[in-house]
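One structure below.
The values are calculated or read from the model by the stated rules, or taken from the named source; none is laboratory data. All values reported here derive from a predicted model rather than from experimental measurement. Here Cβ is always computed from backbone atoms with ideal geometry, including for glycine, and neighbour counts include all displayed protein chains.
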Protein chains: 2
Amino acid sequence: MAAIPQPSATDRMLESLREKARLLRIDSLITTTRAGSGHPTTCLSAADLVSVLFFHTMRFDPRHPDAPGADRFVLSKGHAAPLLYAAQAEAGMYPVGRLATLRQFSSELEGHPTPRVPGVDAATGSLGQGLSVGAGMALSAKRLEKNGVRIYVLLGDGEMAEGNVWEAAAFAAHYGLDNLTAIVDVNALGQSERTMYAHDVEIYRRRFETAGWDAVAIDGHDFAAIVRALDRAFSPELAANGRPQAIVARTEKGHGVSFLADKDGWHGKPVPKDDLPRALAELGPLPPPVEPDSRSYARSIGGPPAAFPQLPPPEYVLGQQVATREAYGRALARIAAVNPRLVAVDADVKNSTFSEYLEKAHAERFFQGYIAEQNMVCVGVGLAARGYTPFVATFACFLTRACDQVRMAAISRSHLKLCGSHCGVSIGEDGPSQMGLEDLAMLRAIPGSTVLYPSDGVSADRLTEALARLPGIGYLRTTRPKTPVLYGGDEKFPVPGFKILRQSPQDRVAVIAAGITLHEALKAHAELAAQAIVARVIDLYSVKPIDAARLATEVRATGGRVITVEDHFAEGGLGEAVFAALAVSGVTVAAARRLAVSGIPHSGTPEELLDAFGISARHITAAAKSLLS
Amino acid sequence: MAAIPQPSATDRMLESLREKARLLRIDSLITTTRAGSGHPTTCLSAADLVSVLFFHTMRFDPRHPDAPGADRFVLSKGHAAPLLYAAQAEAGMYPVGRLATLRQFSSELEGHPTPRVPGVDAATGSLGQGLSVGAGMALSAKRLEKNGVRIYVLLGDGEMAEGNVWEAAAFAAHYGLDNLTAIVDVNALGQSERTMYAHDVEIYRRRFETAGWDAVAIDGHDFAAIVRALDRAFSPELAANGRPQAIVARTEKGHGVSFLADKDGWHGKPVPKDDLPRALAELGPLPPPVEPDSRSYARSIGGPPAAFPQLPPPEYVLGQQVATREAYGRALARIAAVNPRLVAVDADVKNSTFSEYLEKAHAERFFQGYIAEQNMVCVGVGLAARGYTPFVATFACFLTRACDQVRMAAISRSHLKLCGSHCGVSIGEDGPSQMGLEDLAMLRAIPGSTVLYPSDGVSADRLTEALARLPGIGYLRTTRPKTPVLYGGDEKFPVPGFKILRQSPQDRVAVIAAGITLHEALKAHAELAAQAIVARVIDLYSVKPIDAARLATEVRATGGRVITVEDHFAEGGLGEAVFAALAVSGVTVAAARRLAVSGIPHSGTPEELLDAFGISARHITAAAKSLLS
């Protein structure tokens, strides 16, 4: 009697992964058709990859997906959210019935993933950022936590055109992040047409390899190949070889359904209701129906960054010449001494932003990000997702390079802190390309952000400390030139809040400034006083949130006459913040001037430029006199 | 008698190039020391490369450096500006004596180059953008002008970490820009420490090669090698082979002066006055002194984009449902029919932004930029520098990816036009990552920008046309959902300006809106009218510039009661623009509400989200009633 051949353990495993992938495809199709929108075909291309990741490779307890030792998954191609949710539900993180709420107003299962969903560390959906976020998390796991956690990032081929991806690739290799795996789903179809390289997986593979990665190309619908590629990370040749791992998978968009597979025109379109049975029929028997589950499984997010003890006052003396950027660097080192969670990343300007003070004090908590601001910001988001308090710094103008990444950091509910140095025309001779003149507009327009703008060494120190304690995106704007210390070390700087530096009961105009222009306002105060005009001088160090109620009181006390003056363009800056706050607070502004930089500045000395662009003491004095004439 | 060996013609050429490089080094050292700031060592590393470019390779008439047939040079590593100016002066574009004004307030020779300087097409100094600008110019020369002009871009190795560079590399290869040469000055020193790859020229060379370039690595101080590498572009094997050319040059920062060469700590520092003679002595005999030249050689820049005939009115009918984004696409095609200079670039969303209408009508003037917004914007700057009127489009939120590039476009005095579609929460189910909610803040804070926000098909058409005629950076904000046509085809939309859609002598509150919220304001008007409350409804389609004087009149006419409502975050948006304008116009705002999106939105239907985030008709009605109570 011949023995009936038994399936091997491997065959059984592959069969079970194939079955899971089939369920993920079915879930993805049904939920998007029900929602009436979404991207099912991009789910179908990646379903086999995700099946192996979730049901074979990744180590996590579905009941505790956010446990410190759990492997992490970043869906960089965020529009495949239905696939992610299907995998999470099929893995048992929440009931499959919850998937029926996809894209509904009340559901945490949004059109693109956010950390409202358990197991999700960062919002994705602006493409090309996930690998950087994953690199930040891998950096944390390897260099700070040292806990063996692996990070898996799934990318689409379309997003490989984003430079941010290649910044991340270089960074991950440089830091030897062999606990990071990138899987590229090369389905060859973008939103509007074929991608630049269509199914040329070899070009992606070579690029990763050139960047210093261990890179293989596979058939992304061959389960044995996927398993082999993912298992390779644990092979003796690869484990801890200091190279991140890239798996470039050739796939078909819409794979598994003949009328979707590799067809143009299906991006971002659910299968019409009438066509759904035909699509599902191709995927084999349906699983038993489940009850819709209307409970929310949203993760509670937010909460403040790691707490740390009160710091002693900084040791600056009144009148001492200190650049706020240097005080920022010193503050980082001071905080780091008592807060082991504080880390910093810089973009090759640590000797200008003074991040280098942290490096000198705690080299293991400083990371050189080189000239790649997008990656720097996303790495910060990754570090924050692991419970650290990251400060990322560069020139204020170069933070604009990462505007989209900061935007996404807010949607990630990240506690990322940013420092932008060299703000405004007061940097002088280097010229406009190096001047941050729109950073307040950019950072104020981030939901929940805190935007602080110190004028002296003491406030720079104390506001850096304040940011390290505050939740959400925080921004510190620092100045290149040295300015005299205005405050005693014991001064408190509540957020929101402002300081009144000059006042009298006879004040006839309020001059509201911050940073370098506060010092111009103080000069103007003296000039005006010599002409018997008394002005109230306000240091609006907390640009956002703004203490509108107290500000209203001060403006009323000066007869509703206000001058704002800022080393920033007029739009979105301190002046607009003030005037909008006053308007909605019901303050009658009797007369106002908004002094701000207009036009395109150029090179010159700081003094020449402050004056030429209308924000020097002379202009404040003239504005006050014209308001009162 | 033995013949004395005579130097060959090649030897003489190399000797003359060596001598020019020596002068460029001397000029760079002297001018930065005199200025007291600047980056001489980065000039010294690239001096030999620039000498060969300017005095051997590039075809241009120094008396007419901006002639249409002249080869172009883009100094991506903008901090080497003193070297550029030295090369231009030594080539005869202006007197060498002019170099003495480097970095002075009155000089066009700024710390980083801008197009104020003849021969400069784009501002540089924010690193990693020059190759994209060069690619845009090369695209124009090859595909539109077809004139054989070659573009040379000099990059530093530090900036190779910027993803933008690799977006450009992929784009240039994809479009077969064999008229583009990138030269990388690998001096191995960044600002604050060694670069990631130090002197590993091979890694850069392989990356270019993998991206589809013809790439060689050379010694950047070997004149014969530099000449050979640059000449290679004209060799039979390379000429018009469809591959851009990369030359990766190993150099020494500070080359030529022993105490600067390859030394850390010299970035961005001029040689101290006392050490200058010692540095110059190493460079050999000084050229005869020249008289300082205080004349300005600034190029006259600005002027409007290419003119084109008046268009007939668009054929929309009142009440017709038209998405402004679709009207934008139709307008592009309409303009292109009469304006051969109109071109468009898109980031793989042409079927969402409706750029595809231009592609369908004039495929040769549409360029697919794939998902690489930074490169897209810089390519636009390059196209504009060649006299085209480029419209670049993607989702409004993804324009934030290129915030720094738009900032630099303004410093370049570019006539770049941007369209951001899918603004605000009204996009619905896709969720916050896809919602443009900070684009008004970003684009308003660009000096000289025009920011237009149409509410219907007719205004979208006419405002697109307006942008195509206006100088400077222009932005059109479009909406995903269809909205009813409000205006007749003959309506005029002056910039600045606004429309009053509802008014009566009894109006007690002004509701100022644009885009989707204008339609909510009209609904609110009807609701309020039913309760005998009359409101003035204003369509503020020109958000910047804002017609402050006329707006003041309207607000005064409604008793100083104002409501602004916008599908944007509160900061830097329409509301702040209005309140700041009113404050500085001396209008007494009696009572005001600013309705804007607050917090982080999520998925839902457009209607749910407009209501949940406080900007629906219901909220406007409630705000009006509370203002009047």
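Miscellaneous remarks
- Among the residues of region A:298-323, those that are surrounded by 11 or more Cβ atoms within 10 Å (Cβ to Cβ) and more than 24 Å from the chain's Cα centre (by Cα) comprise A:LEU311, A:PRO313, A:PRO314, A:GLU315, A:TYR316, A:VAL317, A:LEU318, A:GLN320, A:GLN321, A:VAL322, A:ALA323.
- Matching residues in region B:442-471 - criterion: being within 14 Å of chain A (Cβ to nearest Cβ) and of a type outside the set (S, T, N, Q): B:MET442, B:LEU443, B:ARG444, B:ALA445, B:ILE446, B:PRO447, B:GLY448, B:VAL451, B:PRO471
- Among the candidates B:GLY212, B:GLY254, the residue that is assigned to a loop (DSSP other than H, G, I, E, B), under 29 Å from the mean Cα position of the chain (by Cα) and farther than 16 Å from B:ALA161 by Cβ is uniquely B:GLY212.
- Residue check for B:PHE366: within 30 Å of A:GLY156 (Cα to Cα), surrounded by 24 or more Cβ atoms within 10 Å (Cβ to Cβ) and touching a helix residue (DSSP H, G or I) at 6+ places or on another chain (Cβ under 9 Å): no
- The set of residues in region B:491-507 that are under 33 Å from the mean Cα position of the chain (by Cα) and assigned to a loop (DSSP other than H, G, I, E, B) comprises B:GLU491, B:LYS492, B:PHE493, B:PRO494, B:VAL495, B:PRO496, B:GLY497, B:PHE498.
- Region A:319-374: number of residues that are of a type in the set (A, V, I, L, M) and touching a residue at least 40 places away in the same chain (Cβ under 8 Å): 13
- Checking each residue in region B:180-209 for being more than 10 Å from chain A (Cβ to nearest Cβ), assigned to a loop (DSSP other than H, G, I, E, B) and in contact with a Leu (Cβ under 9 Å, 6 or more places away or on another chain) picks out B:ASN187, B:ALA198.
- Among the residues of region A:403-439, those that are more than 17 Å from A:ASP121 (Cα to Cα), facing chain B (nearest Cβ under 9 Å), in contact with a Ser or Thr (Cβ under 8 Å, 6 or more places away or on another chain) and not in a helix (DSSP H, G or I) comprise A:GLY428, A:GLU429, A:ASP430, A:GLY431, A:GLU438.
- Of all residues in region B:143-193, those being in contact with a strand residue (DSSP E or B) (Cβ under 8 Å, 6 or more places away or on another chain), modelled with pLDDT of 95 or more and among the acidic types (Asp, Glu) number 3.
- One residue from A:VAL271, A:VAL290 being β-branched (Val, Ile, Thr), over 36 Å from the mean Cα position of the chain (by Cα) and within 19 Å of A:THR101 (Cα to Cα): A:VAL290
- Residue match in region B:458-468 (condition: touching a strand residue (DSSP E or B) at 6+ places or on another chain (Cβ under 8 Å) and charged (D, E, K, R)): no
- Only one of the listed residues (A:SER300, A:SER296) is of a type in the set (Ser, Thr, Tyr), in contact with an Asp or Glu (Cβ under 9 Å, 6 or more places away or on another chain) and within 22 Å of A:THR101 (Cβ to Cβ). That residue is A:SER296.
- Taken together, the residues in region A:137-166 that are within 25 Å of B:MET435 (Cα to Cα) and either surrounded by fewer than 24 Cβ atoms within 10 Å (Cβ to Cβ) or away from chain B (no Cβ under 14 Å) (or both) amount to 2.
- Residue match in region A:264-281 (condition: in a helix (DSSP H, G or I), among the aliphatic types (A, V, I, L, M), over 30 Å from A:GLU108 (Cα atoms) and at pLDDT 95 or above): no
- A:ILE226 being without any contact (Cβ under 8 Å) to a residue 60 or more places away in the chain, over 22 Å from the mean Cα position of the chain (by Cα) and in a helix (DSSP H, G or I): no
- In region B:359-376 there is no residue matching the filter, namely being in a helix (DSSP H, G or I) and β-branched (Val, Ile, Thr).
- Residue in region A:1-20 that is touching a Cys at 6+ places or on another chain (Cβ under 8 Å) and either among the hydroxyl-bearing types (Ser, Thr, Tyr) or surrounded by fewer than 24 Cβ atoms within 10 Å (Cβ to Cβ) (or both) present: no
- Taking first residues from region A:592-614 that are more than 8 Å from chain B (Cβ to nearest Cβ) and aromatic (Phe, Trp, Tyr) and partners that are part of a strand (DSSP E or B) and surrounded by 21 or more Cβ atoms within 10 Å (Cβ to Cβ), the Cβ contacts under 9 Å between residues at least 6 apart in sequence or on separate chains come to A:PHE613/A:ASP567; A:PHE613/A:ALA596; A:PHE613/A:VAL597.
- None of A:ILE427, A:ILE411, A:ILE446 is surrounded by 24 or more Cβ atoms within 10 Å (Cβ to Cβ), within 28 Å of B:ARG103 (Cβ to Cβ) and not basic (Lys, Arg) except A:ILE427.
- Scanning region B:341-361 for residues that are more than 9 Å from chain A (Cβ to nearest Cβ), crowded, with 24+ Cβ neighbours inside 10 Å and aliphatic (A, V, I, L, M) yields a total of 5.
- Some residue of region A:308-328 being in contact with a strand residue (DSSP E or B) (Cβ under 9 Å, 6 or more places away or on another chain), in a loop (DSSP other than H, G, I, E, B) and either within 30 Å of A:LYS20 (Cα to Cα) or at pLDDT below 95 (or both): no
- Filter result for A:THR478 (in contact with a His (Cβ under 7 Å, 6 or more places away or on another chain) and more than 14 Å from every other protein chain (Cβ to nearest Cβ)): no
- Inside region A:91-105, residues that are of a type outside the set (A, V, I, L, M, F, W, C), surrounded by fewer than 19 Cβ atoms within 10 Å (Cβ to Cβ) and in a helix (DSSP H, G or I) make up a count of 1.
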